[in-house]
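The values are calculated or read from the model by the stated rules, or taken from the named source; none is laboratory data. What you are looking at is a predicted structure, and each value in this text was computed from that prediction instead of being measured. FYI the Cβ positions are ideal-geometry reconstructions off the backbone, even for glycines, and counts take in every protein chain you see. Remember, those area values only see protein heavy atoms, side chains included, never the ligands or the DNA or RNA. Shrake-Rupley method; radii C 1.70, N 1.55, O 1.52, S 1.80 Å.
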Amino acid sequence: MEVEAGSAVERARAGDSDAFRLLVEQHSRAIFRLAFRMTGNEQDAEDVVQETFLRAYKQLDRYEARSSFSTWLFRIASNYSLDLIRMRKRHEDKRERGSDEERDILQSIPLDTPGPERMAYGTEVRDRVNEALNELSPQERTAFVLRHFEGLSIEEIGASLGTGTNATKHSIFRAVQKLRKNLEPVVGHAR
Amino acid sequence: MNHISEEQLVLLYYGESTEAAAIDQHLVECETCRKEFRALQLVLNTVDSAPVPERGADYGKAVWQRIEKRIGGRKQRRFAQWWIWAPAMAALLVSAFLAGRLTHKPVGPEVAKNQQQIRERILMVAVGDHLERSQMVLAELSNAPDHKGKLDITDERQMASELLDDNRLYRQTARSTGDTAVANVLDDLERVLLEIAHSPTEVSSSQLDDLRQQIESRGLLFKVRVMGSQAREQEVAPAPQKNGKKL
Ligand SMILES: [Zn+2]
């Protein structure tokens, strides 16, 4: 598989779009999973998948075979996700910020709120996990997702995101602390 | 050995501890730390229960279909077309737009004025992001190459329906703050977004023409663009801020 991928990368670099199509077909699902963990919603994840491959295509000549092609894609995807969730957070902060008056205006508008009836236990835990992940800062979430779900080492993550090992370590520690704070009460009830 | 720090336990959990042997030994001997580690494991294992929506075996093919057209011909067609007709309307629209923005500035006491400014600014910043995304959808359709068969607009549809919710929120907010100029543009935008969201995933060239006409007859793309950059200018301009969190 890796040899196959290597030659597809070579051919894609030489401008063979069929070869690039192969790479897209091969890696899309993995990138989607990563992107969903990062952004927490499907539409953003689709956006990340698409943008990742478009960027990868433009930057193919910058890819060095030192890392595997999938790691390289992960790097592009996680950096773009990071930008996207930062933008979203900023957006939300702005909605939340401001005077009471503004809040009143915004709150007078009915938004879709989750109904109380769908609080079956399993769903509740999963919802709480999603909420807890949403509480993380973009940097914390990115580092945590790459470590926890994708199994990248702290050193690799630091290099990918350009944040260095120490900062990455602290992002992960803070992420775990926040997750514990938000999830321990829920998990506690379960046992 | 003292008790094990949380950070050490996290590293141990992920197999990145440099003192794994010593920590393991301590865990055997110390119930406090053992409990602590178990609590940590429980939470981190629970995180795995967050579901990821399934994507089928054909997903990669679908992704390719979506990006294929953007890999080849994208550069030439993007933003090529509307510059031809836009400049003619530019002066008119910009002045109408600015007039609308200026007339409803409050003349009351300083405090009220500040509040009004903060409120406007918050709205405009959020609206700016929103308009930027909307503009991409409109431009994509407006500039789609002429074609004989059907054109796949799955992407544009998806984005349009996502944008609709935000659009409603901003339109209602703009109305209630008396920001008529903004509300009117959002009103027009909403109609077109709705149209796009409800289009079939593949449109014929006549259906595409209809959509284009809707976009162009209202000068929508241009208005959205002008207002988007106005909003971003407000974002950059210094304004009173209370608990300004910056990233
Ligand atoms: Zn101990």
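For B:CYS33, the shell of other residues with beta-carbons less than 11 Å away shows a net charge of -2, using +1 for Lys and Arg and -1 for Asp and Glu. For region B:8-78, applying the loop criterion from DSSP together with a ceiling of 16 other beta carbons within 10 Å to the trypsin sites (Lys or Arg not before Pro) yields B:ARG78.
When peptides B:194-205, A:144-155, B:18-29 are ranked by their average number of other Cβ atoms within 10 Å per residue, the highest-first order is A:144-155, B:194-205, B:18-29.
Between region B:195-223 and region A:40-60, how far is it from one alpha carbon centroid to the other, in angstrom? With region B:195-223 and region A:40-60 each reduced to a Cα centre, they are spaced 25 Å. In this label model, A:SER68 and B:GLU68 are separated by 2.8 nm, measuring between points 7 Å along each Cα→Cβ vector.
On association of chains B and A, roughly 5800 Å² of accessible area becomes buried (total for both chains; probe 1.4 Å). For the pair A:GLU155 and A:ARG86, a Förster radius of 25 Å applied to the C-beta separation gives a FRET efficiency near 0.60, rounded to the nearest 0.05. Taking Lys and Arg as +1 and Asp and Glu as -1, the other residues whose beta-carbon sits under 11 Å from that of A:SER67 total 0. In the structure shown, do any of A:LYS89/B:LYS61; A:LYS89/B:LYS150; A:LYS89/A:LYS181 have a Cα-Cα gap over 29 Å, and if so which? Correct reply: A:LYS89/B:LYS61; A:LYS89/B:LYS150. Per residue of peptide B:5-14, the mean number of Cβ atoms on other chains within 10 Å of the residue Cβ is 3.
The mean count of C-beta atoms from other chains within 10 Å of the C-beta of residues in A:19-31, rounded to a whole number, is 5. Normalised size of region A:1-91, defined as Cα radius of gyration per 2.2 N^0.38 Å with N residues, equals 1.09. The simple Förster model, with R0 at 45 Å and r as the Cβ-Cβ distance, assigns B:ASP210 and A:GLU131 a FRET efficiency of 0.60. With r as the distance between the Cβ atoms of B:ASN2 and B:VAL52 and R0 = 45 Å, compute the FRET efficiency 1/(1 + (r/R0)^6) and round to 0.05. About 0.70, to the nearest 0.05.
With a 10 Å cut-off around each Cβ of A:171-179, the average count of Cβ atoms from other chains is 3.
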